Amino acid sequence: MVCAPAIFLVGLGVHARSIADDFETVANDFRTEASIQAYVPFVRDAQAALKEEASDQRHWRHQDSDSGSPVSFEQSRPTQIRVVAREWLAGAQRGRLKPLTPIAYEDNSSEGLKSQIFEAQTRMASILIDAGERDASAGDNHSAIADTALACRLSQILKHSDFVSLFDCANLQRRALIHLAVFEKGSSAADRKIIASVAREARTNTALVERMTSKSKQLFFSWCQRTGLPQLSIQDTEFLASIPVLVRDDKAVAIDAMKPRLLASREGYVKDYYSSVRLGLHAQAQLDKAIARR
């Protein structure tokens, strides 16, 4: 559940004081803290818009139930969510909002303060995709494309933070692009251009994915040393060393062929690490396939 804005802000202060104790690998990381702080006003706006959207939905359902007639198309549009999503995009374009990369192996987008930022993005994107479906059902193909493309671009902001975010955002983008492929039929040249642009942005970014795999491997090795785990076997070390070579020609390469080597590993934490990488890359590979089928 997304916490109240006040709790979020207080939490950031606690986070700043405790970060050095929790993560020995990057003590007092100013850049990471500054990146998180940059999201505070954007998350505050998102929380307010999401609260308003939830309240409106309850009101519309109640009104629909009382009157026996469906709520009008205009009433069901998430206007404030659109406004806030565009603010996030503008913040990213200005370089203010950036991917929130981990500072330690155990630091990921599904836990802690970062999770509030990711949850706000995910909920807004999901609402916009749903709005796109309603737009299309009402015969407004242009708005359907605009809302769905906005969701796809919103998901791109935090996508390359870690492999959990890659998995979540790539799946959201695949859902959006499947809808866009339907909306594209009979659309204007301008709308088709928007869809093509969104698809290009969502494709595998070789440089970013390779940077993610390289950093995640460094953090994993550091975590193994920091927690006093036994030294990895030669086989496990070679296996992990091969993981960064997973992307070529702008496509995530299927890594199922590496399973025999994975199963041969005696260390469960090696398998856990590999699984997190594989899930993220597999989601991006599925997204690439959806883009190719357009």
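The values are calculated or read from the model by the stated rules, or taken from the named source; none is laboratory data. Just so you know, these numbers come straight off a predicted model, no measurement behind them. In this analysis, Cβ positions are derived from the backbone assuming ideal geometry, glycine residues included, and neighbour counts consider all displayed protein chains. With ligands, DNA and RNA removed, areas are computed over all heavy atoms of the protein, side chains included. Shrake-Rupley method; radii C 1.70, N 1.55, O 1.52, S 1.80 Å.
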- [ ] Round to the nearest 0.05 the FRET efficiency obtained for T79 and V182 when R0 = 22 Å and r is the Cβ-Cβ distance.
- [x] 0.40
Task: Estimated inter-spin distance, R192 and S126, nm [label 7 Å along Cα→Cβ] - done: 3.4 nm
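Go through 213-226, 38-51 and give me the packing order, highest mean Cβ count within 10 Å leading.
Ranked by mean Cβ neighbours within 10 Å, highest first: 38-51, 213-226.
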Task: Relative packing of 180-188, 129-137, which averages over residues the other C-beta atoms within 10 Å, highest first - done: 129-137, 180-188
Task: Accessible area expressed per residue, the range 125-191, with surrounding protein chains retained (probe 1.4 Å, Å²) - done: 33 Å²
TODO: Report the residues of the range 115-143 in range of a label on K215: point 7 Å along Cα→C-beta, backbone N strictly under 20 Å from it.
DONE: 115-122
TODO: With a 10 Å radius around each residue's Cβ, average the other Cβ atoms per peptide and rank 173-179, 160-166, 192-198, 79-85, highest first.
DONE: 160-166, 173-179, 79-85, 192-198
- [ ] Would you mind getting me the FRET efficiency between Q93 and T206? Use the beta-carbon distance for r and R0 = 22 Å, nearest 0.05.
- [x] 0.50
Task: the range 130-198 - percent of accessible surface contributed by carbon and sulfur, probe 1.4 Å - done: 57 percent
